[in-house]
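See below for the structure under consideration.
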Amino acid sequence: MEVLIRKFKISDYEEVMNLWQLGRLPLKPQGRDSRAQLEQQIKFDQVIFLVAEKEGKIIGTVLATHDGRKGWINRLAVHPDYRRQGLGRRLIKRAEEELEKKGLLLVAALIEEDNPASMNLFVQLGYEPHPEIKYFTKRKFHGA
Ligand SMILES: CC(C)(COP(=O)(O)OP(=O)(O)OC[C@H]1O[C@@H](n2cnc3c(N)ncnc32)[C@H](O)[C@@H]1OP(=O)(O)O)[C@@H](O)C(=O)NCCC(=O)NCCS
């Protein structure tokens with residue numbers, strides 16, 4: 001499959017939102033997934049937002065970030081018509097490479113318990129599950 005992996009541009013915004021909706025990723029359109037916030041986020045050096053493009057259409061995304069100590073893989077999604085062809089694997093590996101270039105040697109991902117596809121994928125790539133860890137968040141407003 002001829003697929004180009006390139007940096008996200010803000011003009012990709014609508015297509016990416018559609019893809020995330022198709023992938024049932026939790027969306028915060030008034031918060032961190034708003035156009036304005038994404039436009040801000042991609043200005044940061046520690047935000048590596050990549051899209052997979054095939055014949056001009058966006059069919060995959062991955063957003064890698066880091067805090068100087070640990071890399072994180074977020075917003076991994078592959079269009080339903082292109083799944084099980086290795087693109088998810090390719091996007092994660094590319095995100096890892098970009099993080100390693102910045103010196104990050106530990107990469108983590110948060111995966112919901114009812115997502116065996118994603119869990120299998122990460123385990124296949126050598127990620128170790130940590131079921132003993134509980135995730136806590138605090139938000140300044142409900143849709144943040
Ligand atoms: C998870 C997701 C990104 C996988 O993308 P993909 O391109 O289909 O993944 P790959 O083809 O690279 O799959 C690699 C491996 O992952 C595992 N895997 C992928 N999809 C799977 C599924 N539906 N069920 C079980 N295992 C699955 C398999 O081990 C697979 O290897 P195999 O095809 O040789 O058996 C895709 O299903 C998706 O976009 N899901 C919706 C969004 C999402 O859940 N994102 C992750 C949030 S943490």
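Among the numbered conditions (1) open to solvent by 70 Å² or more (accessible area, probe 1.4 Å); (2) within 15 Å of the ligand (Cβ to nearest atom), tell me where TRP20 comes up short.
With (1) open to solvent by 70 Å² or more (accessible area, probe 1.4 Å); (2) within 15 Å of the ligand (Cβ to nearest atom) applied to TRP20, the lone miss is (1).
Residues being within 7 Å of the ligand (Cβ to nearest atom) and either β-branched (Val, Ile, Thr) or surrounded by 20 or more Cβ atoms within 10 Å (Cβ to Cβ) (or both): count how many of those fall in the range 63-86.
Looking only at that region, the number is 3.
Return the residues of the range 111-144 that are open to solvent by less than 70 Å² (accessible area, probe 1.4 Å) and assigned to a loop (DSSP other than H, G, I, E, B); say none if nothing qualifies.
ILE111, ASN115, LEU125, GLY126, TYR127, GLY143, ALA144
Please count how many residues of the range 6-40 are farther than 17 Å from THR65 by Cβ and touching a residue at least 60 places away in the same chain (Cβ under 8 Å).
3
Restricting attention to the range 89-110, and to residues there that are crowded, with 20+ Cβ neighbours inside 10 Å and under 12 Å from ILE5 (Cβ atoms), which single residue is farthest from the ligand (Cβ to nearest atom)?
ALA95
The values are calculated or read from the model by the stated rules, or taken from the named source; none is laboratory data. Computed from a predicted model, the values in this text were never measured in an experiment. Here Cβ is always computed from backbone atoms with ideal geometry, including for glycine, and neighbour counts include all displayed protein chains. The accessibility values were calculated without ligands, DNA or RNA, using every heavy atom of the protein model including side chains. Shrake-Rupley method; radii C 1.70, N 1.55, O 1.52, S 1.80 Å.
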